[in-house]
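To keep things clear, I will list the structure first and then write my remarks on it.
What follows is calculated from the coordinates using simple rules that are stated; it is not laboratory data. Everything numeric here is computed off the predicted structure, so don't read it as measured data. Here the Cβ is made from the backbone with ideal geometry for all residues, glycine too, and neighbour counts use every protein chain on show.
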């Protein structure tokens, strides 16, 4: 129905005496809106996710990632704390940090997890609660995995339009991973990089939520693109200096060590 309007028909309608002036204006307005509706395709969640995948390396290349190693530091009240992260996608993750000559770590697995914080006086690693393990599972998806594989993982994804992120009208996609974890992603409309993630989780009966902002995207020699700067009200600012893909990882990294 809308396609029946052509430039020629609009021109004819604009000629004097073809129609009364009020009717002519109404039809011209309708025709203009009709062309706008036909020529503009509404964004969908899949449109945005596909462009995001292209921006960070492409789906085919991303499917080749088996594990990722990050190295950098976290700024905690002006103190630079060395940080190392090992991720075996969909299986294991270890985050290790060193301060005051002591090294602490957290381990997340698909069915369990541990925290070891010698700075707090811990002598041995302590198991995470079931809620803590559940709320941490998206970390095992790796960079972009939560979005790229939402159908296989049966996450619920909804495009929420646009929202302001520090002056940028960002595309907004909500991902419900479980009844206790929701993540909302904000995409730069020009680069399609994720510039903010809002996380809302229920852990041990308490609702915890906050933002992580991502910036300083850089391409690795293999062609993958990662945010080298991340920070927000979920923790201190993290600066990564090293990213390695598909390296040898000792399985012992993902089991708590006896002190």
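Take the Cα of residue 222, step 7 Å toward its Cβ, do the same at residue 91, and the gap between the two points is 1.5 nm.
In the stretch 155-259, the C-alpha radius of gyration followed by the widest Cα-Cα span (Dmax) gives 16.5, 50 angstrom.
Quick one: grab the alpha carbon gyration tensor of the stretch 58-172, order the square roots of its eigenvalues as a ≥ b ≥ c, and give me rounded if a/c is under 1.5, else prolate or oblate depending on whether a/b is larger than b/c.
Values: a/c = 1.92, a/b = 1.49, b/c = 1.29.
Cα axes put the stretch 58-172 in the prolate bin.
As a calculated quantity, the FRET efficiency between residue 209 and residue 162 at R0 = 25 Å, using C-beta atoms, amounts to about 0.75.
The residues 128, 249, 93, 102, when put in order of fewest to most other Cβ atoms within 10 Å, stand as 102, 249, 128, 93.
If R0 equals 22 Å, the separation of the Cβ atoms of residue 51 and residue 180 corresponds to a calculated FRET efficiency of about 0.15. Distance between the C-alpha centers of the stretch 222-259 and the stretch 92-148? Whole Å please. The distance from the Cα centre of the stretch 222-259 to that of the stretch 92-148 comes to 12 Å.
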